[in-house]
Amino acid sequence: MLFDMDYQAISSSLIAPVAALAIAIYVASAIRHAFFSPLSSIPGPVINKFSSLPLLFKVMTGQYHAYSTELHAKYGEIVRIGASYVSLSNTSDTRLVLATHGFKKGVAYTKGQLTKQNSFSTVDPEFNKVRRRQIGDTFAMHTLRGIEDLVVGAGANSLIKAWDAEISKQGGAARVNYFYALHRMGFDVIGAVGFGQNFNILQTGNTEVIDNMQSMMHLKSIITVLPFVNRVPWLFPKLKKSAQSLLDFIGGAIRMRRQLIETTGAPPRVDILQKMIDASDPATGQILDGDNLVSEVGLMLIAGTDTTSNTLSYTLTHLLHNPGVYRRATEEVRSVFPDASQTISFNDAKSKLPYLSAVIHEAMRLNPSVSGLLPRQLPADGATIQGHHIPKDAQICISVFACQRNPRTWDNPNVFDPERFLGTDLAEKLKDVLTFSSGVRVCIGQNLAWVEIYTVLANILRRYNFSLPEDAPYGPHRLNRLGVPVEIPAASFIVTGPRNPKDNCCVSITLAAA
Ligand code: HEM
């Protein structure tokens, strides 16, 4: 008993010094990491030298794109954006990081994973190489030429059908929400080319599946930062239920296709789903099956819908906010393609409409739809960038948004000005645009996105007159201190889009004179 009492007395008297020692060690290590690590020479807010919490908060609340851009404007082209995180806004440095598998994707990609690893989420270069070999042909231009009719049918033509119906229903002029219309359409396009199915949500107005997709992106952003959320069923149950519904939906679509092949003995048509079912790695013969197929096709639905639809939405927003640009783009389309009975094809739109091309490039520069945190690991020896040694245990964050608004690269970077992409130096200029990323992990679906973007914009600009409704909260009537329209607020949950599309993306449309 006596021994017990002594023991208790001794242990209680030790608590305070042990705790003090632990705190001292923690503080010393934080100070060493903040001020004496190789990262200490990199500029940034003092708090970021000690903690990554401000960064993680910005990621979770959808503000990373704006936060990184703000810090680069203040501190320069290399910034300590978190205790172990460095951000770059110089395109050449960023391209260098993206060029090879030397800088592997950061582990955050695997934390946000809700399905089996796929070509996007994997951090393993070998796995990625196999996947890209398996599905590369699926997205090659020669494949897409074969399915352009599907893209245009579910895309531009279907949108025109829906908007024509709205115009006649609303008596000659219709008020529509272009964000939702373009998202539903984008989903139908992936349905047509990726699932061999007519989801038809543009015509039916069903948005449940779109909402499920947005919930999945939100959940992924949260899990990236707080991985334990995925293991605790009662945390964010609504988001999880929506994400699961989406995965069930994808699994069901693949099962239907397999059953159809078993019944008829042949695929109904050559589309992306069939290409993926048939895909094999030319080097190893490995095929895609089971959960791997669900994961890859699910990725395509998410990566292909939100990104392309947001790009289209932003392009239309910029046209509506800049009436002079809108007039010139519309005149170009209508004078080059006066016959409204002929659908404008991808090749024609791309090769014959230089001003519309410049508008699209400029919208994609200002609003790259993938501008969330894209972290990269360092090689074993670290790397030296802009004279700073970045050690192997740090991570480099790619901020496409900050790169594309870097004032050292772009004059008046926050001003929408398609003229930038009209000169003879177009190819040079495009080297500074990283909207589809670059290097070994460059977007695999960009050809599909281009076909959809050009065919939709060319055909709707020819067919409709667009104008902002009188109650539009943003537009040419609301200018910032640079004298250009205030940008509508955006949120970035991996994909960046308008934060409140319901209120900020309405437009009035009428049929253009034939
Ligand atoms: C305007 C539309 C699009 C934009 C701006 C875009 C942008 C990007 C970017 C920036 C990346 C790199 C992300 C990273 O490093 O973490 C990426 C990767 C990827 N994208 Fe896209 N994308 C678009 C459309 C599409 C479409 C239509 C598909 C397929 C249907 C697609 C499929 C993918 C895949 C599979 C990857 C991962 C590639 C890899 O890591 O090897 N994307 N995209």
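Quick notes on this one:
- Cβ-based net charge around residue 248, under 14 Å, with every Lys or Arg adding one and every Asp or Glu removing one: +1
- The stretch 462-486-the stretch 145-193 distance, computed between alpha-carbon centres (Å): 23
- For the chain, a crude dipole built from +1 on the beta carbon of Lys and Arg and -1 on the beta carbon of Asp and Glu, taken about the Cα centre, is about 360 debye to the nearest 20.
- Hydrodynamic radius by Kirkwood, which averages 1/r over all alpha carbon pairs of the stretch 122-222, in angstrom: 15.8
- Low-density loop cleavage sites - chymotrypsin sites (Phe, Trp or Tyr not before Pro) in the stretch 186-264, where at most 10 other Cβ are within 10 Å (DSSP): 234
- When shorter helices are ignored and each DSSP H run of at least 4 residues is given -39500 (n - 2.57), the per-residue value for the chain at 222 nm works out to -16000 deg cm²/dmol.
- Angle in degrees between helix 208-225 and the longest Cα principal axis of the chain, rounded to the nearest 10: 30
- In this structure, the amide hydrogen of residue 82, modeled 1.01 Å from its nitrogen in the peptide plane, lies closer than 5 angstrom to no residue at least 5 positions away or on a different chain.
- Neighbour net charge for residue 441 - beta-carbon separation under 10 angstrom, K R +1, D E -1: +4
- Packing-based ranking of 333-339, 84-90, 414-420 yields 84-90, 414-420, 333-339, ordered from highest to lowest mean Cβ neighbour count within 10 Å.
- Against the main long axis of the alpha-carbon atoms of the chain, helix 178-190 sits at an angle near 90°.
- What the phi angles of the stretch 279-292 give under the Karplus curve with 6.51, -1.76 and 1.60, with θ = phi - 60°, is a coupling list of 4, 9, 6, x, 7, 10, x, 4, 10, 9, 9, x, 5, 5 Hz, glycine and proline written as x.
- Oblate is the label for the stretch 168-261, because a/c, from the alpha-carbon gyration tensor with a ≥ b ≥ c as root eigenvalues, is 1.5 or above and a/b does not exceed b/c.
- Rounded, prolate or oblate (a/c below 1.5 giving rounded, otherwise prolate when a/b exceeds b/c) for the chain by Cα gyration tensor: prolate
- Shape parameters for the stretch 436-514, alpha-carbon atoms, Rg then Dmax in Å: 16.5, 47
- P(r) tail fraction, the stretch 330-391 - alpha-carbon pairs more than 20 Å apart, %: 57
- Along the axis of the charge dipole computed for the chain (Cβ charges of +1 for Lys and Arg, -1 for Asp and Glu, origin at the Cα centre), the listed residues 436, 14, 364 are led at the positive end by 14.
- For the stretch 317-323, the Karplus equation 6.51 cos²θ - 1.76 cosθ + 1.60, evaluated at θ = phi - 60°, returns couplings of 4, 4, 5, 5, 7, 10, x Hz by residue, with Gly and Pro reported as x.
- Average silhouette area of the stretch 8-134, convex hull of alpha-carbon atoms, in square nanometres: 12.2
- Cα lying deepest toward the dipole's positive end in the chain, options 288, 26, 305, charges on Cβ: 26
- Surrounding net charge for residue 216, when Lys and Arg each add one and Asp and Glu each subtract one, Cβ distance under 13 Å: 0
- Dipole magnitude of the stretch 418-514 about its Cα centre (Cβ charges: Lys, Arg +1; Asp, Glu -1), debye to nearest 20: 120
- The angle separating the long axis of helix 446-463 from the principal Cα axis of greatest extent in the chain is about 40 degrees.
- Top positive-direction residue, dipole computed over the stretch 4-160 with Cβ charges, set 88, 140, 50: 140
- Placing unit charges on the Cβ atoms only, positive for Lys and Arg and negative for Asp and Glu, gives the stretch 408-469 a dipole magnitude near 200 debye about its Cα centre.
The numbers here are math on the coordinates, done by the rules we state, and not lab data. Note that the structure is predicted; figures quoted are calculated from it, not measured. All Cβ positions, even for glycine, are placed from backbone atoms using ideal geometry, and neighbour counts span all protein chains on display.
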